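The values are calculated or read from the model by the stated rules, or taken from the named source; none is laboratory data. The shown structure was predicted, so the numbers you read here are calculated from the model rather than taken from an experiment. We place every Cβ from the backbone using ideal geometry, glycine too, and count neighbours over all the protein chains shown. SASA here: full protein model, heavy atoms, side chains in, ligands and nucleic acids out. Shrake-Rupley method; radii C 1.70, N 1.55, O 1.52, S 1.80 Å.
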Amino acid sequence: MSRIGRMPIAVPAGVTVEIAENNKVTVKGPKGTLERVLPAEMEIKKDGEEIVVSRPNDLKKMKSLHGLTRTLINNMIVGVTQGYEKALEINGVGYRGQKQGKKLILSLGYSHPVEMEDPEGIETVMDGQNKIIVKGIDKEKVGQFAAEIREKRMPEPYKGKGIKYVDETIRRKVGKTGKK
């Protein structure tokens, strides 16, 4: 059996979980509401203050969907209680960012500033001029928007310039050496 899929999900106080037909799960919590349609083959049961996910058979596809379904529900519950955040760091001479209302304006060495609008349900916060924190309740959207910001100027291996995740390490390369 899937080790992750078997584990019950504890529902904390202040969070309501509703399971409709076609496995449409709605999670309401102090930070907001998330809903998602999960694979119909999985059986999701609310058991008091716990949610249990079970699979119909041991086919490879069902095994892989089992752990996924459980993790998706757990991520929704964590999202509405604590929320998710990803931190990015801007490295490079003259590279900086700033917030203007719901717009994130990045100067990344291009001839023009790069402007990015915060998507719905996502909030970006500037910590100084070179640290961006992306916050939200949907783990997938937070990760996606952080990846889109990073894509505007990927870190390069020679000087390490660009936008990187705070916990990311850049594999550095040695540049060319002149002939003598």
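Brief remarks follow.
- Single condition LYS99 does not satisfy, out of (1) under 15 Å from ILE163 (Cβ atoms); (2) within 24 Å of the chain's Cα centre (by Cα); (3) open to solvent by 40 Å² or more (accessible area, probe 1.4 Å): (1)
- Applying a threshold of 6 Å to beta carbon distances and a minimum spacing of six or more residues, or different chains, the list of pairs starting in the range 160-180 at a residue that is within 26 Å of GLU148 (Cβ to Cβ) and ending at one that is open to solvent by less than 100 Å² (accessible area, probe 1.4 Å) and β-branched (Val, Ile, Thr) reads GLY160/ILE170; ILE163/ILE90.
- Considering residues of the range 90-123 that are part of a strand (DSSP E or B) and β-branched (Val, Ile, Thr) only, the residue farthest from ARG150 (Cα to Cα): ILE122
- Test: residue in the range 149-162 that is open to solvent by 100 Å² or more (accessible area, probe 1.4 Å) and in a strand (DSSP E or B): no
- Filtered residues of the range 4-42 (kept if among the polar types (S, T, N, Q), under 21 Å from the mean Cα position of the chain (by Cα) and closer than 16 Å to THR71 by Cα): THR26
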